[in-house]
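First the structure, in the form of structure tokens, and then the observations on it.
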Amino acid sequence: MTVSRRPHPELSAARHDSQVRLRFVGPWTLGASMPAAHTYELPFTTDGIAHVSFDTSKLTEWDTGFITYLVELLAAAGRHHLDVDRGGLPQGVQRLLALVEAVPEKADARHDAGRVGMFTAIGRRVIDSADSARAVLGFIGEATLAFGKLLAFRARYRTSDLLLLVQQAGAEALPIVTLISFLVGLILAFVGAVQLQQFGATIYVANLVGIATVREMGAMMTAIVMAGRTGAAYAAQLGSMKATQELDALTTMGISPLEFLVLPRMIALFLMMPLLCLYSDLLGILGGATVSVGLLGLSPIRYYQQTVSAISLGDLVGGVFKASVYGVLIALAGCLRGIQAGKSSAAVGEATTSAVVTSIVWIITACGIFAVLFYLLGI
Amino acid sequence: MATSTTDSDAHIRVDQLTMAYGNFVLQRDLDFTIRRADVFVVMGGSGCGKSTLLRHLVGLNDPARGEIWYGDDNFTRADPKLREQILRRCGVMYQSGALWSSMTLAENVALPLGEFTDLKPHDIRQVASLKLALVGLKGFEDYYPSEISGGMQKRAALARAMALDPEVLFFDEPSAGLDPISSYLLDRLILELRDSLGATVVVVTHELASIFNIANNSVFLDAETRTMIAGGDPKELLAHSDNPKVLEFLTRGAEKKR
């Protein structure tokens, strides 16, 4: 034996006639460098072997690492149709091996890890997306029904919940909306100024920032901020309520979660988004003004007048209207993903991610549709 | 099955019920009757579909086949309005309590009262306090669910389930996660409520002590054959059943070795 500080596990085989005696020496523990896996078969490859026995008199330590090795070894012996005498193994090892073998593997217990054909995979995807589209439509339908009940004053939700949601989606969102809108106005002004300076038309920065902010960017930036901030929160709230069966508790109480949870969230965002959008418009224009006055040397009055003359009421109303629609979309996407969530903490995380992605996709799609509509309507 | 009932005292009747998730059949051809004021236990090994059966009974899942009747009303085929009326006479206590975490205990109990009765806010508050006192939570009205222990959450959930004085109380694993004494006290409370309110009680559990303490009727679901293999009073099942699986379950595996 080599003189090393840490003894390592050794396996040797001695053959007498048709019998092989496997001798385990040293510590056979997890983390010890056991003989490599391909050596399982080696002692059995010679012809004429019929019996296997074990000698563990020099085995100093063992744990489940040894058992793992033995299970593979016994499987190899089984493949060679050998008769195994386990008498030489320590009592504890024999008992653990018996436990491992006590319950046969259930035929359908393992997940189907086999490769799926391309057409099967495509087919499953198609069916899945059809199901998911149906779920989305069903949810929108139910939400519409709940909205109808609201108009008939028959919807069940708590006013105190609604007020709290309004506060969360309104006042508490102001700081982040301030920051983002102001910076976007600033950036627009910078980009525009560089181009417009070439024509000596720097005053038109006011038009650029004003129209872009009021028509599109105000509503869009607010919506994206709210999707990440509030839509995600809705998905997480409803997702964890689903995981803890709080949604089930509502349903069996005869209270529809759609009315009790989704409706107030839709109303909160529907009401708050236009206000946030107006605020965002103002901050965006202020951002533009900061650059124009500070860097381009325009007078504040001149900038103000140019902005007022550039923006029409239609631009403003169109932008604010879009913001309301985005608000409803964000609330719908957040609540939908929350309600669809699975019943684990991982599922709640996925629901949150999915809510933000869904909201943004819906917002951008709606934005495109609005662009075409407004163009056709001449707004 | 072994339930010798006439239709008059039948409260809930499960008729040829098959439960499935997609193509996976969990239990098929369940057929049993729960009588008025029964303490009815749904028992069976883990994963055999006990909790799913409860979800079917309260309409959270729809049967793949078969029907559920409440008295003379067909619950499975009922329109939403009738369904709501039936559910309003039911109270459910979920495994984890499922109290609404954004509301205090009193608000949790008060919500169904506010929605379905014409009581004034002051009266609602008083009734909610009374229900909490009934389950031993006097003085905890303004606590949030996260501020109290698991056992207290379960009792608060029971108070909420009884808010509307239901005719049927459903319990999903009431003793899960409780120490033996709390579990025993909860069992006593269930019996007490059954006796004083005259409610029918349906309990999903695999807790043997609890089963023998409270049940006078039961159904046994088997995970392998995926159907019910016994029914009736668990004590009688223990004494007279010749089904090895039922005996093994009711004796904690001791019967198998004999």
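Throughout, read-outs are computed from the coordinates displayed, never taken from laboratory work. Given the structure is predicted, the values throughout are model-derived calculations rather than measurements. Neighbour counts are summed over all protein chains in view; Cβ atoms, including those assigned to glycine, are modelled from backbone coordinates with ideal geometry.
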(request) Could you give me the radius of gyration and the Dmax of segment B:43-111, taking only the C-alpha atoms into account and expressing both in angstrom? (result) 14.5, 40
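Give the average, rounded to an integer, of partner chain Cβ atoms located within 10 angstrom of each Cβ in A:250-260.
The per-residue average across the peptide is 6.
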(message) Net charge around A:E246, counting only other residues with Cβ within less than 12 Å of its Cβ (Lys, Arg = +1; Asp, Glu = -1)?
(response) +2
(request) Arrange the peptides A:311-322, B:237-248 so that the one whose residues have, on average, the most other Cβ atoms within 10 Å appears first. (result) A:311-322, B:237-248
(message) Please report the net charge: other residues with Cβ closer than 15 Å to the Cβ of A:I285, K and R +1, D and E -1.
(response) -1
(request) Quickly estimate the mean residue ellipticity at 222 nm for chain A, helices only: each DSSP H run with n ≥ 4 gives -39500 (n - 2.57), and the total goes over all residues, rounded to 500. (result) -21000 deg cm²/dmol
(request) Please get the size of the charge dipole for segment B:71-156, origin at its Cα centre, with Cβ charges of +1 on Lys and Arg and -1 on Asp and Glu, quoted in debye to the nearest 20. (result) 200
(request) List the relative contact order of chain A as a percent without decimals, with contacts defined as Cα pairs under 8 Å and 6+ residues apart. (result) 17
(request) Note down the net charge around B:Q95, summing +1 for each Lys or Arg and -1 for each Asp or Glu among other residues with Cβ under 12 Å from its Cβ. (result) +1
(request) Beta carbons within 10 angstrom, averaged per residue: use that to sort the peptides B:179-191, B:114-126, highest first. (result) B:179-191, B:114-126
(request) Would you calculate the separation in nanometres between label points at A:L373 and A:A171, each defined as 7 Å from the Cα along the Cα-to-beta-carbon direction? (result) 3.3
(request) Starting with the highest mean, order A:55-62, B:210-217 by the number of other Cβ atoms within 10 Å, averaged over the residues of each peptide. (result) B:210-217, A:55-62
(message) About the Cα centre, and with charges only on the beta carbon of Lys, Arg (+1) and Asp, Glu (-1), how big is the dipole of chain A? Nearest 20 debye, please.
(response) 720
(request) Pairs to check: A:K149/B:K120; B:K81/B:K235; B:K154/B:K245. Give those whose C-alpha atoms are more than 28 Å from each other in this structure. (result) B:K81/B:K235; B:K154/B:K245
(request) Hydropathy first: keep DSSP H helices in chain A averaging at least 0.0 on Kyte-Doolittle, then drop any whose Cα extent along the axis falls short of 20 Å, and list what survives. (result) A:64-79, A:118-151, A:174-197, A:263-294, A:313-340, A:345-377
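I'd like the mean, over residues of A:241-248, of how many other protein chain beta carbons sit within 10 Å of each residue's own Cβ.
That average works out to 6.
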